[in-house]
Each structure stands twice: as structure tokens, then as C-alpha cells.
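To start, the structure under review is shown below, and the notes come after it.
The values are calculated or read from the model by the stated rules, or taken from the named source; none is laboratory data. If you're wondering where the values come from, they're calculated on a predicted model, not measured in any experiment. Cβ placement follows ideal geometry from the backbone for every residue including glycine, while neighbour counts extend to all protein chains displayed. Remember, those area values only see protein heavy atoms, side chains included, never the ligands or the DNA or RNA. Shrake-Rupley method; radii C 1.70, N 1.55, O 1.52, S 1.80 Å.
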Amino acid sequence: MLGLQVPLSGCGSSAGSADDAGTLVLVAAEYGDTPATSSKAFWDKVTGDFTAANPGVKIEVKLLPWADVDREVTKMVKAGKAPDIALMGSYSDFAAQDRLYSADELLPVSAEANFLPPLAEAGSVGSTLYGLPFVASSRLLFYNEALFEKAGVKAPKTWSELKAAAKALKAKGVEYPYALPLGPEEAHAEAMIWELSNGGGYADSSGNYSLASAQNIKTWNWVKDQLVAPGLTGPVAPSQLNRADAFAAFLRGEVGMLNGYPSLYHEARAKGIGVGTVAMPVSDTLRAGVAPPAVGVADWMMAFKQNGHREEIGRFLEFVYADENLSDFAGRYHLLPSTVSASRSLAGSGGMDTTDREFLDALRSAQLYPVNDPSWMAVSDTIKRNIGRAVEPGGDPKAVLEEIATKAKQAGAGR
């Protein structure tokens, strides 16, 4: 999701301020990447419809780029000027500071129970839901069908099959047989996908961080020795390859395989690129029949206590989460709605094709980042900035992972 470079403000009614009893302030991430695709149109409609049905409550919406929204909301909160509602990438630090209303203070039991289970679990601290999932996505392995046909290979199911396909693609001159974006933009997503596919991941079965587990060390040794060293990941070092650059190369037809999400699939199809999708191939040493979860990602709606507008916030959020509104927003950006009923509604309306349904099926059992840990932002930043070193020439995956684990502990990551 890409943000506009210039913040937009004043969607809906801009009358009043956060101090007015009848005005709610919502700070939201901008999901569009041009004025034509801006989220402003959605929020104008929703806030207009809500105010018409609730004449005593006005909504002021401020849109900020994704690159800025978490930081700017944090600044607002520290300055004692918290918005009533925020839609952004993290919530748990505010929950830990007791600044947020819980879902049961805002929504009916039926609405709270309507969230897809993996999303509700990730949005909960302990057993209390504070981060309301809004829209989400899951990750699948994409492959360029034309390049695969040219190389005479089929969609891989195991790591060895993935390597064999990458070698065949390289032999046919494909620039990036497998694009491995371990640059600082979003390396934590690619890393988690690979680790889960070998039975590892960021946390153990008890919920404690296991960043330097034996499985994870084996994963990165394999990636380094079997993909990166033989030159199967392309001309750019993985530690320097960001997701946006990998996606752009895929859209130019230069990538054989990469992990992607729904909006990239639709963008590629619009450019005439045939895209096949499969679950991430698994390690050849993984026990037969084991199917690791896909990686899921969600964006979070949260309500701040500071201004005391609990009842009005609850009414507005219940309105926003109505199936037609949530499905509308998800459909605009080829994302997945966070609720069971909206997912069914969007699928039933023809708003999802077969691949969209594959993403939704993957999301239903996906594993999300440990966003309910207040230290996750610091931990994820450490992963993003360091994991690429594990596969560099002369790199030591075990040493890199142990360094990341040590920094995570220093960040207060006791879970």
C-alpha cells in the first residue's frame, strides 16, 4: 500500500475540532497512490452517510501517507492531542499505555465475534481486543506463467523444486529467477514466509520469540547456499532489493517467482502478465503432510480514550464495519475484508475471482506478525535492517540471527 507524498485532510466534515463534543477526529493512512485512487472518496461517502443518519456527530478525517502515519499519530498522542480514531499499522504500544478503548467497550458482541479469527487474535493483548482489524492480505508465491512455460517447469511445491525451477529460468535468461527482497522496506515479511515454510517462524508455540531457532538457522543457510550463492536471485543483492523494486521488476516481466499479495496480482493481470499462484513451497525436510500457514498482514483501527467520545466512536465504527462499507473499501484496493460477513458478501457479489478466494482461504489460517507485542515495531525494524546480511557472501546466518535475537531482547521483547 502506497501513500501520497502530500498529506490530505478535511475529508468528510471539517467543521469543529477534537474538542467539540459532536466532532470525531479520524487519522487514517492513505491507501491510494494517485489523487484518482485516494481514499478521500471512500471517507467522503462514509462520513457523509453517517452524519446524515447521526446528525449530532460530525467526522473530521485527516489522511496521511503510510510512511508517516504511525509516527505522526505517536507524536499527537505524546503531545496530548490524540485523535479519537486512527487507522494505521500498529496499535499495541498504545494498548500497553492504557490509551485505547477495547472492542467490547465499542461494539456489540456480534460485531466483535465477526472478525476473522487470526486477525482477532493478532489484534488482542491477552484476551482483550484493542486493535480492530480493518483490511488484510495474505501472501502466496507468484510465478510468471509465460516464463515458466518457456523454461519448461511447473509450479514448485518444495524448496528443491523451487531451486530447480530457478535454475531453468536462469538458463533461459530470466533476470530474477526468484526475487528475494530482503531490503529494509519489508524484509520481515519475506523472512517470515521462508521461516514458516521450514516449520520455524518468529515465535514458538508458547508465544515467545524464537528468532534464532535451529529451524530458522537451517532456513537461511539453505537460502544462502542454494539460491543466493548460485546467482538464482538476480543481479541485485537481496539485502539491497526492496519489495517495491521487486514488484516493479515482476510487472516488467523480469521475475520468474516472488511472494506477492492481491493488489500486485491484479496489477500484473491488468498489464497482460499471466500469473500463477501457489502456496509457498516447503522445505524438503518438513514432515510429509505438514502445511505451514501463510503470512497474513492486517491494518488496524483503534479508538483513543483521551477525548471521551466512546459512545459516538462506537456508533461510527459499527457503521464503518457494515458489510457494504468494508467490502467497498477492500474492493477498491484489492484487499481482503477483515470480517466473516463482509468476506462472504464480497465473494458472493462477484467482487472476488478465483485467486482472490485463494488469498482469503490462506488468510483464514494465516499467521500474522506478533503485532500484539508492544516491542514488535522495534523488533521488526531490527529484522528489516539485518536479515539480508545472513545471505551475503561470507555472511553467517547463525551469527546474524543471534544478533537479531539479542537486539530483540534489548528492545524489551519478553513475551
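Quick notes on this one:
- Taking Cα centre as origin and charging only the Cβ of basic (Lys, Arg, +1) and acidic (Asp, Glu, -1) residues, the dipole magnitude of the chain rounds to 1080 debye.
- Largest-first ellipsoid semi-axes for the range 314-415, taking √(5λ) over the Cα gyration tensor eigenvalues, angstrom: 38, 19, 10
- Taking the charge dipole of the chain about its Cα centre, with +1 at Lys and Arg Cβ atoms and -1 at Asp and Glu Cβ atoms, the residue from Ala120, Asn216, Leu162 reaching farthest to the positive side is Leu162.
- Under 5 Å, built H, 5+ apart or other chain: amide partners of Ile59: Ser13, Leu24
- Charged-residue dipole, Cβ positions (Lys, Arg, Asp, Glu), the range 276-344 about Cα centre, Debye nearest 20: 180
- In units of the compact-protein estimate 2.2 N^0.38 Å, the range 44-131 shows a Cα radius of gyration of 1.21.
- Kirkwood hydrodynamic radius of the range 284-367, from inverse mean 1/r over distinct Cα pairs, in Å: 15.0
- Average Cα contact separation per residue, the chain, under 8 Å, 6 or more apart, as relative contact order %: 24
- Reported value for the chain: 136 Å³ per residue, from the convex hull of its C-alpha atoms.
- Normalised alpha carbon radius of gyration of the range 186-329 [divisor 2.2 N^0.38 Å]: 1.36
- For the range 67-112, the Kirkwood estimate of the hydrodynamic radius, built from every pair of different alpha carbons, is 11.7 Å.
- Note on Ser365 and Arg71: the extension gain reaches 102.8 nm, defined as 0.36 nm multiplied by sequence separation minus the Cα-Cα distance.
- Using R0 = 41 Å, the C-beta based FRET efficiency linking Ala53 and Arg344 works out to 0.95.
- Globularity index of the range 212-284 is 1.25 (Cα radius of gyration / 2.2 N^0.38 Å, N = number of residues).
- Each Lys and Arg adds +1 at its Cβ and each Asp and Glu adds -1 at its Cβ; summed about the Cα centre, the range 93-171 shows a dipole of about 900 debye.
- Per residue, the convex hull spanned by the Cα atoms of the range 149-216 measures out at 105 cubic angstrom.
- The range 94-245 - convex hull of alpha carbons, volume per residue in Å³: 153
- More than 11 angstrom apart: percent of Cα pairs within the range 123-174: 75
- Chain lengthening between Asp381 and Asp98 when straightened (0.36 nm per residue, less Cα-Cα): 99.5 nm
- Net +/- balance of residues flanking Met377 in space, Cβ distance below 10 Å, scoring K and R +1, D and E -1: -4
- Carbon/sulfur fraction of accessible area - the chain, other protein chains in place, 1.4 Å, %: 50
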